[in-house]
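This report concerns only the one structure given below.
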Amino acid sequence: MSSELEPETVYDMVVVHRENDVRVVTLQLFQLYTLRKLDRHFKPVIPFGPHLFGSGKTKFVQSYLELVNNMGESALIGLDYVYESEKANRRGFLEKLKRASLLYADLRRLEPTVPIEFFRNLKWAVYYLLIKAACSQVGAEIFRKIPSDQYLLIAFDEVGVLDESLDEFHFKRTHDGRVRPYNDFFGIISQLCKEPDLFFIVVGKSEGLNIYNYVASVSRVQLVFIPLSPLEKHSIVEHLEKSSSFLFPGSPKVSEILCHKDFSISELAELLLELTGGVPGLLVRAISYLLLYKSSNNNFLLSKETFLIIMNGFLVTNYCVAPFLPRLISLSEQRKRLLRMLTLLSLYRIRFDFDETVQMSSNSDVFLFDLVTDMCLYRRLVIEPDRNERYEVLIPKLLIEYIDQGLKDDRLEWLLLQTLKSQSVEFFYESKCRILEGLIATLFYLHFSRRPTNSSMFSTLGQLSRVWNEMNLQFSSESAAYYMKSIHYTRAVSGMERMTFGSNDEWERIVEEMLEFEKIYIPFHSTFHSPDILFKLHGRTNEKNLMIVGIACKGRWSRNGIRWNEILEEAHKFLKPVHDQALTSHPTWHCMLIIMSTQLATNVSEDLNHSSRCYSFGDGVGDLLIPHNCELVILSEADVENFIGKDILSNLRNAFKSVDDPHSRNIGISTLQEIVLSLSKNI
C-alpha cells in the first residue's frame, strides 16, 4: 500500500459537484469569445485556479468539456436573462464549445528547446510543449485536417513551475531590473488569444501571482478565479455511488464494495468528510486506501469502528498526505506564527472576504486569501443569503498530525489543533459567542496548566474563594478543549426542537466523562442545562480533592448588560443538579460556577460594588440558596478585562452590540491577531 499505488490505478474517480466552477469557466470563455468580436485591442480573460495539491484542479480541467456536455445550457450563466438575439449567440457558442477538443499541457515538462537560436526562449518552449502534448494525446491524428472553425481549449497545468524557472529562460526585465516570468508567460497566451478559435484555462499554485477581489491582472491578461471548493457530504455520496474500482471483478461501484446493510453510504461519506474535509485529493487517496485494504482482506466488512482504527494508522496518514509534506516542512518561522491565527479561523469557522489583509510585519501586509494557500491549507467557499461570496479556512484532520509534528514546542498551536481535531467538520457556525467561549477556555487552560500561581485569574479566584485557595488546584494533565454534544431533544423553543442535557442523571455521566478524559468541555449547543465551559481541577496535595468548574460566558449584544435573572438562571441550571447527582456521594468534590460577561447590567455592577464576588454554601442570591460544596462567582468587568485584555474585550463588546444576533462578521481579523498575541503571552 505504498504511495506508488496512485489513486488513478485503484478506481475511476468521477468528478462531482463542480457545476458552479463549470459556469465560472464557461462565462469567462464566452467573454473572451465576445471580446474578440468587439475589439481588436482587447485584454483576454483567462479562468485561473491557483490551488495546491488536492483541490481537484487537474481532474477538473481534464473533465471540463465532459461536464459542459452533461450540464447542457445550464453550463452558461445568463441564458434566462438576456434578449432572444443574445440567447441565440450564447447557444451557438455553447454548442461549438461542446464539440471542442481539449489539449492538456503540463508545465512541469516545459524545457528549453533546440536549435541554439531558440535556446532559453520561453515562447518557443511553450510552443514546443504544446506540440509534444498534442502528439502524446492524439498521435498522428494531429496532422490530419480538422474543421477550421472547431474550438481548441488549451489547459495549462502546474503554472507554479515558473517560480523556479528564472535560470532556464531569458525573461524580460523591468526598468528596475526585476524579472516577472508570469508577464512573459501570459504575454505569449495573450498573443495566442487573438486566434479566433483558441481558448485557455490556467491552473496551479504560484507564489508570483496574487488574487485580489476575485480578479488578478498580469499586465496583458485578466485572470478570473475558479473556486474549486471542497466537497460536501451529499457530493461525497454521489462520488461513491458513481465511481467504480478496477481492483474487483466487474469493476463494481465503490459504494457496493465498501458499504453494506449495516454500514450505509451516508455513514461512510460523513466519516470521510470528517477526515478529509472534503478536499478531493485527500478524499480519493483515503478511498483508495480503503479499497486497497478491502482487496487484501476480502472478508472484511467496514464499520464506523474499523474505519476509525484503519484511518488513524500511520500508514494511511502517510499515504494520504505525502504530497503535502515538502510544503508543510518548508514553512518559514514567520508563516508558522501565523498558523495560530489561521487555526483559530478554521476552528471557529470565521469567514473572510477576498480583500481582507493580514499584517505580516510592521511594514508588510498580505492578502488572507493568498496566505491560506501559501500555508498549504484550504479555503471553503460560502455563499451567504445576500449572495455575497466569502471564505472559511479549512484544515483537514489528516493534516493536523503533520502540522503538529512540525510545531512540537508550540503549546498554544498544539492546543488549538487538538481542539480542532476533536470536533466534527460541521460543528461551528459563525459565532461571536463561540469565539468568546473558546478564548476564555484557552486562557484558563494556559493559565492553570503550567504556572497557576503566576496567573492573575488563579490569584483572583483564590482571594474570592477560601475553598479554591485551600484546595491548591491544578490541571492534572495536558488537555485539549473538547466541545461536547448535548444529549437529548427535551425542550421546544419558538416551535423548534433544541438539544439540551437531560435533567435526571445526565450530569453524573458528564462528570464521569470529565474524570476519564481529562478534557475541557464546551457543550455543542447552547442549552438550558449546561454552562458554556466545563473542566476539572485536582488538588496538588490531595488528589481526592476535585473542583468541577463551570463558566458561563455571557456575551451581550443589547445595551442593558447581563441582568440578575440571567445570572440566577445559569446558577439554577448547573449548581443544584451537579450537587444532587455528583457531589452528594463524593464529600471531597466541589463545584464552582463562574459568570464571565462582556458587560454587566448597571444594577448588577452597583450591587456588587463594581467588584468580583463569591457566594458560598448557605448564601442566598435572590431565590437561590447556594448548595453544599458549591460556589457562585460573579467576576467584575475590571477582572474580566484584566483576564482577556482591554482591547480584545472592547472589540468583543462592540461586535456583540453591532447586530441583533451572535454573528462573527464584526469580530475582524485584527481582533483575532490580538487574541493570538494575548494567548501567546500566556504560554
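Being in contact (Cβ under 8 Å) with a residue 24 or more places away in the chain and under 21 Å from F185 (Cβ atoms) is the filter here; which residues of region 20-41 pass it?
V25, Q28, L29, L32, R36, listed by residue number.
(1) open to solvent by less than 10 Å² (accessible area, probe 1.4 Å); (2) within 30 Å of G54 (Cα to Cα); (3) at pLDDT below 70: which one isn't true of S479, the others all being true?
All conditions pass for S479, except number (2).
Of these, E570, E566, which one is within 20 Å of F444 (Cβ to Cβ), out of contact with any Phe, Trp or Tyr (no Cβ under 7 Å at 6 or more places or on another chain), at pLDDT 80 or above and open to solvent by 10 Å² or more (accessible area, probe 1.4 Å)?
Just a single option satisfies the conditions, and that option is E570.
Quick one: in region 198-215, of everything that is assigned to a strand (DSSP E or B) and open to solvent by 10 Å² or more (accessible area, probe 1.4 Å), which residue is modelled with the highest pLDDT?
Looking at residues that are assigned to a strand (DSSP E or B) and open to solvent by 10 Å² or more (accessible area, probe 1.4 Å), I get L198.
Output the number of residues of region 37-61 satisfying the condition of being modelled with pLDDT under 90 and open to solvent by 40 Å² or more (accessible area, probe 1.4 Å).
7
Could you identify the single residue in A269, A286 that is touching a Ser or Thr at 6+ places or on another chain (Cβ under 6 Å), more than 30 Å from F185 (Cα to Cα) and either in the same structural domain as K421 (by the TED database) or crowded, with 20+ Cβ neighbours inside 10 Å (or both)?
The conditions single out A286.
Can you name the condition, by its number, that T26 falls short on among (1) open to solvent by 10 Å² or more (accessible area, probe 1.4 Å); (2) over 17 Å from L231 (Cα atoms); (3) hydroxyl-bearing (S, T, Y)?
Unmet condition: (1).
For E195, which of the numbered conditions (1) modelled with pLDDT of 85 or more; (2) surrounded by 12 or more Cβ atoms within 10 Å (Cβ to Cβ) fails to hold?
(2)
The values are calculated or read from the model by the stated rules, or taken from the named source; none is laboratory data. For clarity, every value in this text was computed on a predicted model and none was experimentally measured. We place every Cβ from the backbone using ideal geometry, glycine too, and count neighbours over all the protein chains shown. The area values use the complete protein model at the heavy-atom level, side chains included, leaving out ligands, DNA and RNA. Shrake-Rupley method; radii C 1.70, N 1.55, O 1.52, S 1.80 Å.
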